[in-house]
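The values are calculated or read from the model by the stated rules, or taken from the named source; none is laboratory data. If you're wondering where the values come from, they're calculated on a predicted model, not measured in any experiment. With ideal geometry, Cβ positions are generated from the backbone for all residues, glycine too; neighbour counts draw on all protein chains shown. Note: accessible area is taken over every heavy atom of the protein model, side chains too, but ligands, DNA and RNA are not part of it. Shrake-Rupley method; radii C 1.70, N 1.55, O 1.52, S 1.80 Å.
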Amino acid sequence: TARESMLVAVKRDGFCLRFASNDIKNDKEVVMAAVNSRSRAFEYAGENLKKNKEVVTAAVQLHGNNLQHIGKDAEFWGDRDFVLALVDVNGKALEFASNDIKRDKDVVMAVVQKNGLFLRYANDDLKKDREVVMAAVKNIGCSVEDGMRWQDLVLAGINKDGNFLACANEDLRANKDMVLAAASQNGTALKFALNNLNQDPDCLKAARLFDELETEAYIRPEKAVLSIKFSLAESCTIYATEFALAMKNDEFLGKFKTHNPNAWCKDSCDPNFTDIGHPCRGSVSTCQMQSNNLDLATQRPCSQSCWRFAFRFHQQESKDTDGFMIQVEEKVGLGGGQKIETEMAKEVGLKVFRTYTNHSDLEGWMVDKISKAVKEWYDSGCTNLDLENVFVGYPSYPHTERPKYERL
């Protein structure tokens, strides 16, 4: 039968579960066999089993990242004993627990004593509890004194790891001094800032994400453009920010002045911002915000510009300097804005390198691959203007190989 054949297949390679029918993906024996063969195969389990306590517990014990695939509306997230058992395996489970459990001091203490950074998932009131904050900062290796206030403890945590800003209460996350300290320590921490400080020029500069100073000198004369999803809001992944920072640190890519659209807070002539059906493609003839698009003094895009006009401006600048665009496609695919940016790159005639992946995390060697591709393009004389796909994932994980070149 199909079930028996699939059971044999997943015992050899758990990732075969992705080819199973929905009925078989909800077969407990088959899924458990798949997860035991390949821990991350839990991603392909049926929705019913993603809410099954036994299967969920086994999957998380085998690989902590399986938490992201658990049914978020499962009733067990309100079960204190079950959540306690789960956070004992992986404290990040607190993120999905019910609000009552997130304000349970005993549960939160159990979490932060194992990983202080998971304080971010606790109720805001507990982020002001001195005992809880003390336990969290001690866990991440901070030196603390008995007389320190909880606010001072938070700052100590931020100075140790900028991402501890996520563990601060909302008032401190809206405090510019706290955000500057966090961004200076770790650029990805800027996504946890409130009160629009994630778009504040000083904070962006501290995070090394602001790259728009015309006076700054770069080794290469060509200019680059990044096409990435917005990553400076708390609900966003940090993949794009990590990629932008990794580019700056790369021995070759760091030589190029690179436009990062996340460092600009802009408007749009499209009420929905990223509706690909809207006619604006950033050109003078298609954009409906002509009066606000250029700063009168600099004749460059400004914070009131239509984002499409601003992005195309930088694409054209890149094209005019024999530059390129790197489009970072995350595991879940391109964003709506990125699809529009691809169309504009085609109209401008700009070379596009598109990275694609089968993993949510970014490793240093992944950026090495795109750096090598860009360098080889320059070494070849920049004659091939086709879109170039560069795989930056894990070859051993399931993925669909794309052709190296595609016509835009």
- What are the residue pairs meeting all of these: first residue in the range 237-261, first residue touching a residue at least 24 places away in the same chain (Cβ under 8 Å) and more than 16 Å from Glu330 (Cα to Cα), second residue open to solvent by 30 Å² or more (accessible area, probe 1.4 Å) and hydroxyl-bearing (Ser, Thr, Tyr), Cβ atoms under 7 Å, and 6 or more apart or on different chains? Lys255/Tyr218; Phe256/Tyr218; Lys257/Tyr218
- Query: Can you name the residue in the range 18-71 that is within 25 Å of the chain's Cα centre (by Cα) and among the hydroxyl-bearing types (Ser, Thr, Tyr) and, of all such residues, is surrounded by the most Cβ atoms within 10 Å (Cβ to Cβ)?
  - Reply: Tyr44
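Quick check on my filter: what residues within the range 302-318 are farther than 15 Å from Gln290 by Cβ and in contact with a strand residue (DSSP E or B) (Cβ under 9 Å, 6 or more places away or on another chain)? Talk me through it step by step, then tell me what you get.
Step one: of the range 302-318, the residues farther than 15 Å from Gln290 by Cβ are 303, 311, 314-318.
Ser303, Phe311, His314, Gln315, Glu317, Ser318, listed by residue number.
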- Message: Here's a check for you: in the range 253-267, which residue that is surrounded by fewer than 21 Cβ atoms within 10 Å (Cβ to Cβ) and more than 22 Å from the chain's Cα centre (by Cα) is nearest to Ala345 (Cα to Cα)?
- Response: Asp267
- With respect to Ala85, determine if the residue is more than 28 Å from the chain's Cα centre (by Cα) and either surrounded by fewer than 21 Cβ atoms within 10 Å (Cβ to Cβ) or aromatic (Phe, Trp, Tyr) (or both). yes
- Which one of these does Lys92 not meet: (1) at pLDDT 95 or above; (2) within 21 Å of the chain's Cα centre (by Cα)? (1)
- Query: Identify, please: which residue in the range 227-252 is open to solvent by 30 Å² or more (accessible area, probe 1.4 Å) and among the polar types (S, T, N, Q) and is, among those, modelled with the lowest pLDDT?
  - Reply: Ser235
- Message: If Ala166 meets every condition in (1) open to solvent by 20 Å² or more (accessible area, probe 1.4 Å); (2) in contact (Cβ under 8 Å) with a residue 12 or more places away in the chain apart from one, which number is that one?
- Response: (1)
- Checking Asn196 against (1) more than 22 Å from the chain's Cα centre (by Cα); (2) surrounded by fewer than 17 Cβ atoms within 10 Å (Cβ to Cβ); (3) in contact (Cβ under 8 Å) with a residue 24 or more places away in the chain; (4) over 28 Å from Leu67 (Cα atoms), the condition it does not meet: (1)
- With respect to Asn159, determine if the residue is open to solvent by 70 Å² or more (accessible area, probe 1.4 Å), touching a residue at least 24 places away in the same chain (Cβ under 8 Å) and not aliphatic (A, V, I, L, M). yes
- Item | Count - residues of the range 245-300 that are farther than 23 Å from Pro201 by Cα and in a loop (DSSP other than H, G, I, E, B) | 23
- When the residues of the range 287-300 are filtered to those that are farther than 19 Å from His259 by Cβ, free of Cβ contacts under 8 Å to residues at least 12 places away in the same chain and of a type outside the set (Gly, Ala, Ser), which remaining residue is most open to solvent (accessible area, probe 1.4 Å)? Leu296
- Item | Test: residue in the range 313-326 that is touching a helix residue (DSSP H, G or I) at 6+ places or on another chain (Cβ under 6 Å) and either more than 20 Å from Ala240 (Cα to Cα) or at pLDDT below 95 (or both) | yes
